[in-house]
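Each remark here refers to the structure printed beneath this line.
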Amino acid sequence: MSANLNTLSPSPWLDSPQRYGRISRWLHWGMAFLLLWQFVGMGLRLALGKTPLVSFFVGLHASVGLLLLILVLLRGAWGLSQRSRRPAHGTGWLGKAAALGHGLLYLLMLVIPSLALVRLYGSGRPFAWFNTLPLFDAGPKQEALMAPANAAHGLLAWTLLALIVGHVLMVVLHRWLWRDDVPQRMIGRVR
């Protein structure tokens, strides 16, 4: 019997050339929910100013951002471990654009919270993750550590949102215009 066992009975937890496995999907949708949380909070802040609702979202912004950073690192490591198994982006310019878009999404999901974490450290304020796990104590304010995030965090975050909107629009195009199975790789059920 020369057939690969993974071809005959693929694990629903692992990626395959036909679809993403449960671990990839949970990481994807968990991060999507947390990113939605972050953008809703900042959108409410811009629209409503300081209110108790906005304070609830914004008060968790740094902790959720650190959680996102941890998840993107886990997701990146998982993706690398599954690289040879994953569905291909496709061929031609559309496949190259998809690979570039995904690469930019990952890059921004790494850079944005990293900048914010360095800024938070440089602010001199203490930080306890979700108000329970102290990560660093108060210290002297360091403007040089705060400057990069002050200059780029917001701009890069809104750029990330634009890329996410483009990502969702491409899913809609694949599903409703081109009627291919690309969305089912991440949305559909794993049997």
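The values are calculated or read from the model by the stated rules, or taken from the named source; none is laboratory data. Bear in mind the structure is a predicted one, so any value in this text is a computation, not a measurement. Cβ coordinates were reconstructed from backbone atoms using ideal geometry, including for glycine residues, and neighbour counts include every protein chain displayed. Keep in mind that these areas ignore ligands, DNA and RNA; they rest on the heavy atoms of the full protein, side chains included. Shrake-Rupley method; radii C 1.70, N 1.55, O 1.52, S 1.80 Å.
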Under the 0.36 nm per residue contour assumption, what length would be gained going from the current alpha-carbon distance of residue 46 and residue 128 to full extension? 27.0 nm
Just order 107-115, 156-164 by mean Cβ neighbour count inside 10 Å, highest at the front, would you? 107-115, 156-164
CD proxy, 222 nm, the chain: helix-only mean residue ellipticity via -39,500 (n - 2.57) per DSSP H run with n ≥ 4, per residue, nearest 500, stands at -22000 deg cm²/dmol
Per the charge dipole of the chain (beta-carbon charges, Lys/Arg positive, Asp/Glu negative, Cα centre), the residue among 30, 133, 54 reaching farthest to the positive end is 30
Ordering 130, 56, 136 from largest to smallest accessible area (1.4 angstrom probe), what's the sequence? 56, 130, 136
Considering only the other residues whose Cβ falls under 12 Å of the Cβ of residue 29, what net charge follows from Lys and Arg at +1 and Asp and Glu at -1? +3
Projected label distance in nm at residue 177 and residue 28, using a 7 Å step from Cα toward the beta-carbon: 2.0
So, with +1 on the Cβ of K and R and -1 on the Cβ of D and E, and no other charges, what is the size of the charge dipole of segment 1-127 about its Cα centre, to the nearest 20 debye? 40
For the chain, what does the accessible surface come to per residue with a 1.4 Å probe? Please give it in Å². 64
Residue 89: accessible area at probe 1.4 Å, nearest 10 Å²? 90
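With a 1.4 Å probe and all protein chains kept in place, how do 170, 146 rank by accessible area, largest first?
Numbers: 170 70, 146 25 Å².
The ranking, largest first, comes out as 170, 146.
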